[in-house]
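Enquirer: Can you read through this structure? Questions will come right after.
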Amino acid sequence: MDPAAAGVEFIGTGADPTRSSTLPEEFLKRTFSLISSEKDRSSVSLVCKDWYNAERLSRRHVTIRNCYSVSPEMVAARFPAIRSVTLKGKPRFSDFNLVPDGWGADVQSWLNVFATAYPFLEELRLKRMAVTDESLEFIALNFDGFKALSLLSCDGFSTLGLEAIATHCKNLTELDIQENGIDDLGGDWLSYFPENLTSLEVLNFSTLTSEVSFDDLESLVSRCKSLRVLKVNQKINLHQLQKLLVLAPQLTELGTGTFMEELVSGSVNDLENTFSKCGNMHTLSGFWDATLLHLPVIYPVCGNLTFLNLSYANIGDVELEQILSRSKQLIRLWVVDTVGDKGLEAVGSHCQLLEELRVFPVDPFDQQIGVTESGLLAVSIGCPKLHYILYFCQRMTNAAVITVAQNCPDFTHFRLCIMSPHEPDYLTNEPMDEAFGAIVKTCTNLRRLSVSGLLTDLAFEYVGKYAKNLETLSVAFAGTSDMGMEYVMRGCPKLKRVEIRDCPFGDSALLSGLTQYESMRSLWMSDCNLTMNGCKKLAEEMGRLNVEVIKDKDDDVSLASKVYVYRTVAGPRKDAPHFVVTL
Amino acid sequence: MDHQKRSTLDLFNTDLATELRLGLPGSTNDQPEIKSNLSGNKRTSSESGSSICTDENDSTFSPPMKEQVVGWPPVRSYRKNILQEKKPTCETGSGMYVKVSMDGAPYLRKMDLKIYKSYEELIEGLQEMFKCIIGLYSEKEGYNGSQHVPTYEDKDGDWMLVGDVPWNMFISSCKRLRIMKSCEATGLGTYCV
């Protein structure tokens, strides 16, 4: 348990009263300032009161994984010297439209406290927070030395807010805007970076949709000599990419623009040549509309690539093979299922060092087969170091997954998404229980699991019995009775985050986790069989949990169709909208 | 066969992307109602406590069609929107328009595939639109004997003979149509999907 996340005050056992001397605080602080790992810092803070104090005074970075688990005042009181904050808000299922607008996670209440407590704040990384243009302007105006802003999966702001950041943050080193629900009102924002701003090291606007002024971008890239990460959006074409790369061959990470372009062959050679000068490049992404016509320009850097993100390129196996045969150092690979099983065979045969593979569906609603169990098998055979998989498919078999588990016993993250709810093993028509059973039995280091397909309580019995290191569990359209959830809640001691939707788990399942919830970060249950009474009971038994029900006006009043339970030391939310009821 | 002429000044009909057109036969819109979330399929409130669902048949648990389940599969909105933008055919509620070209014709046409329920109807519509004869499809011979051969570009960018795959599969993968002159199409009938 991370005390920083829970904001739990440590009540120390104190120093040994017979000892006459303790280590001087200054010594402790200096030593602890060398510790960056939050887990280590957590452990350090639990040793004794002196260490707790030295740790909290020397801490520069804090991660708050649930913005409602602690109040900003508490954080500021405990950690006075923070320069960098990571803050996460909404439950993960908000990414899939399961959380209504206006739910909360507004960053402004945090910013108000930070403005006084941390005037020297340098970095802010927000995930699933509600961020307005006013908040962005607030950041730009209130933190003189502000350096790094990262917004991932946030919503509520527009490019106007980015204008404010560009205008006022004189020392900006990082601007990373990814996959947010924003109003892209136009590309002028980039032009607001002043001529004398040369500090930029990371610029990622790949998911913004409108065109930016290329001249201003070119000038920015040219004068920021320390730029190492540049990810442009789809509106930048290959000609323009060429110009940018010539100015910044030192880049370590590049996100290209569109590859759809009629380049004359001379230009293709130029671009390939330019890439050959990028000796530090280890990460590539972008590739919108890439085809074999122009993909070869990247061949000169393939040999050094460790992370290749082709998840916006609907390429087939032929293109993928061409790239992978030159990319033997790959550690992480993201592709679209247009590559098919054949493409995954190419992964298996070329990428011996691969540790992470993500296969996204080109069309989540298409009936056409993208990748199947044989692609997954091929990868498991060829990539023995694989420990992270995210795999979207239409069909799967128990036998294949069992074999995959044997081939790759080191899985830490196993996220399998069979896209039709309740889909059985397509060969035997049986539930997929044995598949996930094999995974949890064999992969003893498993920390994250997403299950799918037709599953009975047996699958969960396996999880509860074997997945002793499991921290994150995602379940949808699975299980046959309350027992399913009970097996998990009683069997998995290290659970941190559980998210469940559309499962037949009722109040008794919810209450079976009573002893777990305080050591967990959060529980989400939607469209299960929970009632208001059950949730009230939970709230009554556990005082330090917030049990929140998101009411839908179409709901029966006795039902609790969306429930979010999380530990907190900040009490019930003060900013809950009318449709969020804290019990 | 109805031909509907719509005036550009007709302000009361805003569903169609094209304002002035010679309508294709039978081009009225009737869309099935799409349930936007799962709440329509929720278990009844009379169930309390644990409910046992059998694998086979559970009327309160009938799996909804993929398209109708909110937030499933779990793909982030950004990625989903990108896919929507990429689809060259507009699959909004008001029709599925694809470009249709005919070799030798000076300009292309646009056709709403949603109004057809079968290949027969589609071929008839094409013949009407371009005043040509396409004839009948056979698995072995394609459209042998006719001067014009209907082909389509599929999702992978390949040009395929119209008629080989089941209608539904064709509908979901057809990006555009091209009526080739049969002299150019030799060899196309022997394509394997």
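Enquirer: Scan (1) at pLDDT 95 or above; (2) acidic (Asp, Glu); (3) assigned to a loop (DSSP other than H, G, I, E, B) for the single condition A:Glu137 breaks and write down its number.
Expert: (3)
Enquirer: Restricting to segment B:135-164, and then to whatever is aliphatic (A, V, I, L, M) and buried (at least 18 other Cβ atoms within 10 Å of the Cβ), can you tell me which residue is nearest to the other protein chains (Cβ to nearest Cβ)?
Expert: Kept after step one, since they are aliphatic (A, V, I, L, M), are these residues of segment B:135-164: B:136, B:149, B:160-162.
Restricting the remaining residues to those that are buried (at least 18 other Cβ atoms within 10 Å of the Cβ) gives B:149, B:160-162.
Numbers: B:Val149: 24, B:Met160: 14, B:Leu161: 18, B:Val162: 18 Å.
That would be B:Met160.
Enquirer: Kindly indicate whether A:Arg447 is facing chain B (nearest Cβ under 9 Å), basic (Lys, Arg), within 27 Å of A:Val336 (Cα to Cα) and within 26 Å of the chain's Cα centre (by Cα).
Expert: It is false that A:Arg447 is facing chain B (nearest Cβ under 9 Å), basic (Lys, Arg), within 27 Å of A:Val336 (Cα to Cα) and within 26 Å of the chain's Cα centre (by Cα).
Enquirer: Give me the residue from segment A:253-266 that is closer than 27 Å to A:Thr207 by Cβ and surrounded by fewer than 17 Cβ atoms within 10 Å (Cβ to Cβ) and, out of that set, farthest from the chain's Cα centre (by Cα).
Expert: Ranking the qualifying residues of segment A:253-266, first place goes to A:Glu262.
Enquirer: Do you know which residues across segment A:358-385 are of a type in the set (A, V, I, L, M, F, W, C), away from chain B (no Cβ under 14 Å) and crowded, with 23+ Cβ neighbours inside 10 Å?
Expert: So in segment A:358-385, the residues of a type in the set (A, V, I, L, M, F, W, C) come out as A:359-360, A:362, A:365, A:369, A:371, A:376-379, A:381, A:383.
Filter once more, keeping what is away from chain B (no Cβ under 14 Å): A:376-379, A:381, A:383.
Those that are of a type in the set (A, V, I, L, M, F, W, C), away from chain B (no Cβ under 14 Å) and crowded, with 23+ Cβ neighbours inside 10 Å: A:Leu376, A:Val379, A:Cys383.
Enquirer: Touching a strand residue (DSSP E or B) at 6+ places or on another chain (Cβ under 8 Å) and of a type in the set (Gly, Ala, Ser), is that true of A:Ser71?
Expert: Against the criterion (touching a strand residue (DSSP E or B) at 6+ places or on another chain (Cβ under 8 Å) and of a type in the set (Gly, Ala, Ser)), A:Ser71 does not qualify.
Enquirer: Of all strands (runs of 3 or more DSSP E) completely enclosed by segment A:160-222, which ones contain at least 2 residues that are away from chain B (no Cβ under 14 Å)?
Expert: Hits in segment A:160-222: A:174-178, A:202-204.
Enquirer: Shifting gears a bit: Which ranges mark the strands (runs of 3 or more DSSP E) fully within segment A:387-471 that have 1 or more residues being polar (S, T, N, Q) and surrounded by 19 or more Cβ atoms within 10 Å (Cβ to Cβ)?
Expert: Counting at least 1 such residues, we get A:448-450.
Enquirer: Further question on the same structure: Looking at (1) part of a strand (DSSP E or B); (2) within 21 Å of A:Pro424 (Cα to Cα), which is the one condition that is false for A:Pro504?
Expert: Among (1) part of a strand (DSSP E or B); (2) within 21 Å of A:Pro424 (Cα to Cα), the lone unmet condition for A:Pro504 is (1).
Enquirer: I've got another one for you. Filter segment A:556-583 down to residues that are of a type in the set (Val, Ile, Thr) and not in a loop (DSSP other than H, G, I, E, B) and give me whichever is nearest to the other protein chains (Cβ to nearest Cβ).
Expert: Among residues in segment A:556-583 that are of a type in the set (Val, Ile, Thr) and not in a loop (DSSP other than H, G, I, E, B), the one nearest to the other protein chains (Cβ to nearest Cβ) is A:Val563.
Enquirer: Here is a further query. Run B:Glu120 past the list (1) under 24 Å from A:Asn314 (Cβ atoms); (2) modelled with pLDDT of 85 or more; (3) surrounded by fewer than 15 Cβ atoms within 10 Å (Cβ to Cβ) and report the number of the one that doesn't hold.
Expert: (1)
Enquirer: Is at least one residue of segment A:244-260 part of a helix (DSSP H, G or I) and over 23 Å from A:Ser213 (Cα atoms)? Give the derivation first.
Expert: Filtering segment A:244-260 down to residues part of a helix (DSSP H, G or I) leaves A:244-247.
In the following step, the residues that additionally are over 23 Å from A:Ser213 (Cα atoms) were identified as none.
No, the conditions are met nowhere in segment A:244-260.
The values are calculated or read from the model by the stated rules, or taken from the named source; none is laboratory data. Given the structure is predicted, the values throughout are model-derived calculations rather than measurements. Using ideal geometry, Cβ is built from the backbone for each residue, glycine included, and neighbour counts are taken over all protein chains shown.
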